[in-house]
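Here the structure is laid out as structure tokens; the discussion comes afterwards.
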Amino acid sequence: MPGDSRLRNLVWADDETLLMEVSSAYSAGPRSQHQYEAARIIAADADGGDMRMLLMDGTRSLVTGADLLAVRTPEPKTVLMASLDFAPTRYTKEIGSRLRGGRKDDGWVLSLFEVDTRTGKGRRLETGGPYTTDWIVDDGQAIARVEWEPERKLFRILRKNGQAWDEIHRQEDGERLAVYGSTKDKSALVAVGAIGRKRTAAWTIPVDGSGPRILLDDPDYDVESVILDEYTRTPIGAWIGGSRSEMRWFDSDAEARHKALTKSFGGQTVAVIAQANDRSRVIARVSTPSTPAIYYLVDFVKGKADIVGEDYPVLANVPMGEVRVISYRSRDGVNIPGYLTLPASAQQLNLPLVVMPHGGPESRDDLVFDWWAQFMASRGYAVLQPQFRGSTGFGEAFRLAGYRQWGGIMQNDVTDGVKALIDQGLVDPRRICIVGASYGGYAALAGAAFTPDLYACAVSVNGISDLPGMLGNAEKRGGEESNALAYWGQHIGSAHDPAVIANSPFRAAERVQAPVLLIHGVNDTVVPIMQSQLMAKALGDAGRKCTFVQLEGEDHWLSRSATRIRLLNELDVFLARYLKAPAQ
């Protein structure tokens, strides 16, 4: 395994073969200003021996990675993977003289491979089309493929029928469904999306093309995702959104096991992360919003559970912050959900506050143990995590309300959450800091620039300061026809829009009054470090207080433990200086 690789996941392909998903950053060339994240899957034998990199040979050594679609197939020692593959003779002529840029017109397509875990060599099973974005597999072969044409807002699902591909679902409204797998009887695929409704639901997409049917919906919240059986890859349940996410089950046996586990662990949150083939033993992750996860090996036959690991063992029996589910009204009357973490054994009024908008922004926080929030609560700060409009899980209208609202509605919802806590007397209006990463970093900088009287300090981690620059980066990295540029163009707006330009914090640095801490990974392949470099220079030119910490060798997700410890130390010193929390 390359020395600079970061371990992302571990998967057992069988009892003897462990698959390690790793990634590392690289530059396209010595003069390139852009970095890319290259993902690789490495096979290792449990009894030792040489490791093998799967599939990345020949022209595929040039691409950033491959997706592991199935680890258990009818053929022993094989897995199914999808990867970009060069097929110019088939598609370059077909596409002709369309605009250059991106992969759709240059011969690179997403193909499906059967890969031998003993050698790492792959055999192409299917060649994708210019718009193929995903493969659905079962019993070691493709049963469907997903296609997306952003310029036409066309989403399609095609079913394999012999040597032909039959269209079984089509949408031209710009929505892209998440397609998971097939039902037990193989008569339909299971997907999640709105399909014209106010909230996303789980749907069956019959393979005969007779049209989608609702499998599961909720009157108040979105169906967010579907979980699959580890061995059969059939859908067994779905997560329902809202402030208190919950699982709804399709499979009665899985539901019964989950209920038994939840009862055994006193109603704590239990997630099965691995299980034996006969379901007699499972690895269960047990936690609450105020207690870090403990992992148990549960043996149903013997009726016992043994601890096999802990996320934060040194925090055992240490009082953590209380997490509350809250809501508040926005300035235009919309109910905004959120989470409020309060310091353990703290006074309940006039607390210093850290407001922490999540990244994405098309994402959300969950009612789980959050190491950022709990760390800051341990230092005496209340922590607000607003689920501003644009967040997922609260309905399509709520999610879509965030589009083209960078510095607008999304930012106002964060501001209104802070003001609600001030009005309640819970927090000290003179001791408020805004902290965030990625989009949350943008929100922190926007808060400092556009509501300068509200915050005593601001912290941006891997954050965005220049919206047109972020759009330009997406185009240079992926091409003018790339899916990434199409998405960000829809979500942010045009790089030439005066509102988009004006809502870039680095262009309003002179309005910032509070001290700013910028932290950025040098090898960030999602938000380039130039975004923080621009902000640091603008703040310096404006004579504002700014500390800029560059994290050598670190990525967008702060993947190394040493980096996370440094992040927390930097936060600790900075927040203590400007918020003056009581000693904890």
Starting from the Cα of Lys302, draw a straight line to each of the lysines and keep only those under 23 Å, dropping any in the same chain fewer than 8 residues away. Lys259, Lys263
Under the Kirkwood approximation for Rh and a Cα-based Rg, what ratio Rg/Rh is obtained for the stretch 436-508? 1.02
What full-extension length gain, to one decimal in nm, is calculated for Ser363 and Ser280 as 0.36 nm per residue of separation minus the Cα-Cα distance? 26.4 nm
How much length is gained if the chain between Gln513 and Glu16 is pulled fully straight, taking 0.36 nm per residue apart and subtracting their Cα-Cα distance, in nm to one decimal? 173.0 nm
Pairwise label distance in nanometres, Glu480 with Asp572, each label 7 Å out on the Cα-Cβ vector: 5.1 nm
Work out, step by step, the length gained on full extension between Lys121 and Glu75: first 0.36 nm times the residue separation, then minus their alpha carbon distance; give nm to one decimal. 15.1 nm
FRET efficiency estimate (nearest 0.05) - Cβ-Cβ, Asp67 to Tyr487, R0 25 angstrom: 0.85
Simple label model, 7 Å out from Cα along Cβ direction - Lys153 to Asp332, nm: 1.9 nm
Treating only the Cβ atoms of Lys and Arg (+1) and Asp and Glu (-1) as charged, compute the dipole magnitude of the chain about its Cα centre; round to the nearest 20 debye. 960 debye
Cα coordinate range in the chain, projected on the principal axes (Å, largest first): 68, 65, 51
Thinking of the stretch 332-432 as a set of Cα atoms, what percent of all their pairs are more than 24 Å apart? 23 percent
Whole-Hz couplings from phi, Karplus 6.51/-1.76/1.60, listed for the stretch 453-468; x for Gly and Pro: 7, 8, 10, 8, 6, 8, 10, 10, 10, 6, x, 9, 10, 10, 5, x
Unit Cα scatterers, Debye sum, the stretch 136-251: log10 I(q)/I(0) for q = 0.10, 0.17, 0.23 Å⁻¹: -0.29, -0.83, -1.36
Value at 222 nm in deg cm²/dmol, rounded to 500, when DSSP H runs of n ≥ 4 in the chain each add -39,500 (n - 2.57): -6000 deg cm²/dmol
According to a simple spin-label model (label point 7 Å from Cα along Cα-to-Cβ), what is the distance in nm between Glu310 and Asp453? 4.9 nm
To the nearest Å², the heavy-atom accessible area per residue of the chain with 1.4 Å probe amounts to 45 Å²
Which of the peptides 294-301, 459-466, 153-160, 429-436 is most tightly packed, and how do the rest follow, going by the mean number of other Cβ atoms within 10 Å of each residue? 459-466, 429-436, 153-160, 294-301
For the pairs Lys160/Lys184; Lys545/Lys580; Lys153/Lys476; Lys121/Lys186; Lys77/Lys160, flag any whose C-alpha to C-alpha distance is greater than 20 Å. Lys153/Lys476; Lys121/Lys186; Lys77/Lys160
Protection proxy (average C-beta count within 10 Å per residue), highest first, orders 201-208, 329-336, 449-456 as 201-208, 449-456, 329-336
For the ranges 133-146, 259-272, what's the packing order if you count other beta-carbon atoms within 10 Å of each residue, average per peptide, and put the highest first? 133-146, 259-272
Rounded FRET efficiency, nearest 0.05, which uses the C-beta distance separating Glu246 from Ala344 and R0 of 30 Å: 0.65
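The values are calculated or read from the model by the stated rules, or taken from the named source; none is laboratory data. From a predicted model like this one, the values you see are computed outputs, not experimental measurements. Positions of Cβ are backbone-derived with ideal geometry, glycine not excepted, and every protein chain shown enters the neighbour counts. Areas reflect the complete protein model, heavy atoms only, side chains present, ligands, DNA and RNA absent. Shrake-Rupley method; radii C 1.70, N 1.55, O 1.52, S 1.80 Å.
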